[in-house]
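The block underneath contains the structure these notes are about, expressed in structure tokens.
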Amino acid sequence: MNLRFLPCFLLVLLLVTACSQNPVYKKYKTVFKVGDQQEWAAKNWNDQGWKKHIRLIPDGQVYWLRTPIDILKSPESLHPYGIQLDVYGEYEVFWDGVLIGKNGNPGQESILPPEGKMWATFSIPTDLTEEGEHILAIRSSLYYFPDHSGIWGLEIDYYDDLLTDRLIESSYMHLFAGAFLITSFYFLFLFLSNKKEYATLIFSICCFLFFTLILAEYIKAYLPIHYSMHVIRLKTIGILMLGISFLIPFYFSMQFPFPKRKLLLTIYTGVLFYIFLSKHIFELTTNNMAISMWLFSFGIVVFGVYKKMKGARLVLLTILLSVLIGFVTPFNKSLFAGFSLILLGMFYLLSLRIKEQRLAYENSLVQSTRLRLELLKKNIQPHFLMNTLTSLIDWIEEAPKKGVLFIEALAKEFDLFNQIESKTLIPVSQEIMLCHSHLEIMEYRKEISYFWQEEGISPEEKIPPGILLTLLENGITHSMPLEDNSIKFKLIFESSINFKCYTFLTFASRITETKNDKKEGTGLKYVKARLTESYQERWDFTSEPMNHGWKNTIKIYS
Amino acid sequence: MNILIVEDESRIAKRIERMTRDILGETLQSLTHINTLHEALFFIENNALDLVLLDLNLNGDNGFDLLTTVVSESFHTIVISAYKDQAIAAFEYGVLDFVPKPFNRDRLEQAFNRASTKEKTENNKIKLLAIKKRGRIQLIPIDDLLYIKGAGAYTELFLADGKKELHDKSLEKLEQLLSHTFERIHKSYLVRISEIKEVIIESGSKYIAELKNGERIPIGRTKYKDIKAKWL
């Protein structure tokens, strides 16, 4: 299967994209100071006394950050560098004392409406990016999240590249997400057409969650988000992660069932919720959830491999590959690469199951045809046909009028057979008619009086064709008549809320047992196969000798 | 003749019975009908019979168990069965004839003729001889058999490995079954033709057949001409 090469291909692709070129800058430690002096923007300001951290900057006070940066390589002419910042708050950006950008209104947040965005890119004038030391100063205020001071992300590169790279990256990721969206829809429809297949539904939901996760992650490239709203995005990501982290191992647990499944899944869910609720450092939460998901899935799949379950080995490979990717790429990339690998593994499993189902279906068709043939064969198998014909010849030679009646009885049985041969369920009254005509024939052949009794039959109840007939045939062949040269049969029907029960009794003297009696005959196999065909597992069948002859019970559960 | 009919279909059994009486007439001494395997085995053990007419499928049982027992007995067996595909297997076990159902009087008469007139069968399919040994039935491949010596009512089978076994059937009955490969060269001997190396004429017009293993078996004076004709 080509799917085997896909993970490898994906891995190569990711490694190529992950190895970007060397950075053009080197960033040093940022220092903080609450207060507001325009001189703090200057390149040569002495910030020796400034703090390394400030935990809280309440009431939207203005504070300053100063970060020394070395430019390692001057930009090409006409090609200015830019700086991309991921900073909470509304702020102004100074480069070597020169104001290069403004993102909102620092210090006036409580008065003015929210302005500015989380991820902002500013161009740096070419004359300020010579090789050597520079200073990045930010004048900021944190009215909405006073404990989120500091620079969360910083990137310096050609200004144009900074803008375009991000768009290119997110457009690729959106293509990627689209694939999962389509997959999700496809499997949703597949589920809707066969509502018993929960695995397809779970896979569909996983794909959809993954699609939204990618969207939530890359939405920042084109949708400006004010820092006060950013928590919504992070919470969304957290919830999506929670869903995915639960569903993937849940899916594997369905495909590779293991002992104490419910208990372990409950514990796992507990762990996930603990991680989700305990800390509010979102990146870490996501990370922990991803790791627990990975560990739990890994455990399940290893169990699957140990039990030699189908497809487990390839899935294990994808899971191991995903961890390998986790080592060589940054977290946000490995998260998506790893997830998509695992989703591919799930996809593979699903395709295996679909294949199995198709084979099972084809098998059931074959089985149905076989049963139909089996039913037809009853009347042309030599034992029935030749013995009947021999008797018939004899009747015609010896008592032609009786011979005609015999032929009529035979015609009736053939006619009934024609009516039922292609059906899987028939009214019990029809089956009883078949038994009657069979008894009539056997009376001519065996010259034994057969009696038929019924109790509690509801004529419209459906049963598979030929099963009572088979039991009747067994009753005839395996028993000797009573002293009055008769064999009696009795069919009793009982029904309750939970089940319907047919009891078929033969009253006769039994033939001395031989060793062949212990072996299950083709007749009983036919009965069982017919019951399975129509009721799957929901039936019971017993056949046992009794004092007066033989007792068969067929129980069909609703 | 003493005849046993083993058949579980009453109407068919009656038909066989009627026809048998009709065909055999005065020569019939006793005729018994049994419809279960178990009773049939019991009856065979305790009664002297000349012929058994056997249905192979009794009450859903496979009649081959019964078949191996009856073919080891002194009497001939004729199978009457609905399953034509069992004919070959039945012949391999050494039944005298196989009458498929539905049958008519002529076919049954033909079978009886084989039994009563000592007519040789066209059974070239026989592969096994069933013998009774220590209460059990043992099947001997015909290919292992070199020659058979008549010993009163029963016979001695001489095998390729030097062993000797007893069979309940008379030399005449075995000759009927084995006629396609064995030759009656003497009133007491039935020999596999392919085993004869040469025919030696000794003084006093004594004819001896020397087998490939060196054994010497006398050839009957009357039989010599036939054999000579066949050999030359």
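Computed from the coordinates by the stated procedures, all read-outs in this text should not be read as laboratory data. A quick note: this is a predicted structure, and the numbers were derived from the prediction, not measured. Virtual Cβ from ideal backbone geometry, glycine too; neighbours counted across all protein chains shown.
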| remark: The simple spin-label model distance between A:LEU482 and B:LEU139, using points 7 Å out along Cα→Cβ, in nm, is 4.2 nm
| task | Using every Cα-Cα pair within chain B, state what percent have a distance larger than 25 Å. | result | 43 percent
| message | Amide H of A:TYR25 versus every other amide H placed in the peptide plane: which residues, excluding those fewer than 5 positions away on the same chain, fall under 5 Å? | response | A:LEU72
| Rounded to whole Hz, the Karplus (6.51, -1.76, 1.60) HN-Hα couplings of the stretch A:528-536, x for glycine and proline | 5, 5, 5, 5, 4, 4, 8, 10, 6
| Within 10 Å of each Cβ in A:471-480, the average number of Cβ atoms from other chains | 2
| message | Testing the spin-label approximation: label points 7 Å from Cα along Cα→Cβ at B:GLN29 and A:SER351. State their distance in nm. | response | 8.2 nm
| Rg to Rh for the stretch A:421-471: what is it, with Cα atoms only and Rh by Kirkwood? | 1.01
| field | Dipole magnitude of the stretch A:212-365, debye to nearest 20 (Cβ charges: Lys/Arg +1, Asp/Glu -1, about Cα centre) | value | 340 debye
| Overall form of the stretch A:323-379 per C-alpha gyration tensor (a/c, 1.5; a/b vs b/c) | prolate
| remark: If every Lys and Arg gets +1 and every Asp and Glu gets -1 at its Cβ, then about the Cα centre the stretch A:453-555 yields a dipole, in debye to the nearest 20, of 340 debye
| Across peptide A:380-386, what mean number of C-beta atoms from other chains lies inside 10 Å of a residue's C-beta? | 5
| query | Could you state the number of Å between the C-alpha centres of the stretch A:34-102 and the stretch A:119-146? | reply | 5 Å
| field | Stokes-Einstein translational diffusion, the stretch B:54-105 - Kirkwood Rh over all Cα pairs, 1.567 mPa s, 4 °C, in µm²/s | value | 117 µm²/s
| field | Computed FRET value (nearest 0.05) for A:ALA42 with A:TRP152, which takes r as the C-beta separation and R₀ as 30 Å | value | 0.75
| task | Sequence neighbours fewer than 8 away in the same chain don't count; with that in mind, list the aspartates and glutamates whose C-alpha is under 15 Å from B:LYS206. | result | B:GLU198
| field | For B:ASN2, residues with placed amide H under 5 Å, excluding near neighbours | value | B:GLN29, B:SER30, B:ASP50, B:LEU51
| Radius ratio Rg over Rh of the stretch A:305-409, counting only Cα atoms, Kirkwood formula for Rh | 1.63
| message | For the pairs A:LYS308/A:LYS528; B:LYS173/B:LYS230; B:LYS164/B:LYS230; B:LYS125/B:LYS225; A:LYS220/A:LYS333, flag any whose C-alpha to C-alpha distance is greater than 20 Å. | response | A:LYS308/A:LYS528; B:LYS173/B:LYS230; B:LYS164/B:LYS230; B:LYS125/B:LYS225
| request: Per residue of the stretch A:464-477, in order, report the coupling 6.51 cos²θ - 1.76 cosθ + 1.60 (Karplus, θ = phi - 60°) as ³J(HN,Hα) in whole Hz, putting x for Gly and Pro. | output: x, x, x, 7, 5, 4, 4, 5, 5, 4, 4, x, 6, 6
| task | Can you tell me the relative contact order of chain B? Whole percent, Cα pairs under 8 Å, sequence separation 6 or more. | result | 12 percent
| request: With the Cα gyration tensor of the stretch A:424-558 in hand, give its eigenvalues times 5 under a square root as the equivalent ellipsoid semi-axes, listed largest first in whole angstrom. | output: 24, 17, 14
| request: Calculate the spin-label point distance for A:LYS52 paired with A:PHE451, positioning each point 7 Å from the Cα along the beta-carbon direction, and give it in nanometres. | output: 10.5 nm
| task | In Å and from the alpha-carbon atoms only, list the Rg and Dmax of the stretch A:352-406. | result | 20.7, 66
| request: Work out the mean other chain Cβ neighbour count within 10 Å for the residues of B:92-102 and drop it here as an integer. | output: 2
| Where in the stretch A:350-427 are there GluC sites (Glu not before Pro) that are in a DSSP coil and have at most 16 other Cβ atoms within 10 angstrom of their Cβ? | A:GLU421
| message | Could you tell me which residue out of A:MET480, A:LEU469, A:LEU410 lies farthest along the dipole of chain A toward its positive end? Charges go on the beta carbon: Lys and Arg +1, Asp and Glu -1, centred on the Cα centre. | response | A:MET480
| Test item: Cα-centred dipole of chain A, Lys/Arg +1 and Asp/Glu -1 on Cβ, debye | 1340 debye
| request: Take the Cα atoms of the protein assembly as shown, build their convex hull, and give its volume per residue in Å³. | output: 289 Å³
| said: Calculate the FRET efficiency for A:ARG510 and A:GLU461 from the Cβ-Cβ distance with a Förster distance of 25 Å, rounded to the nearest 0.05. | reply: 0.25
| task | Report, by chain and number, residues whose modeled amide H sits under 5 Å from the one on B:LEU129, excluding near sequence neighbours (fewer than 5 apart, same chain). | result | B:ILE140, B:ILE142
| message | Over all directions, the average projected area of the alpha-carbon convex hull for the stretch B:1-130 comes to how many nm²? | response | 7.1 nm²
| If you average 1/r over every pair of different alpha-carbon atoms in the stretch B:159-222 and take one over that average, what Kirkwood value in Å do you get? | 12.7 Å
| In sequence order, calculated HN-Hα J values of the stretch A:86-96 (Karplus, 6.51, -1.76, 1.60; Hz; x Gly/Pro) | 10, 10, 6, x, 9, 8, 10, 10, 10, 10, 6
| DSSP-assigned coil residues among trypsin sites (Lys or Arg not before Pro) in the stretch B:139-180, each with at most 10 further Cβ atoms within 10 Å | B:LYS163
| message | At 222 nm, what value in deg cm²/dmol follows for the protein assembly as shown if DSSP H runs of at least 4 each add -39500 (n - 2.57) and the sum is divided by all its residues, to the nearest 500? | response | -15500 deg cm²/dmol
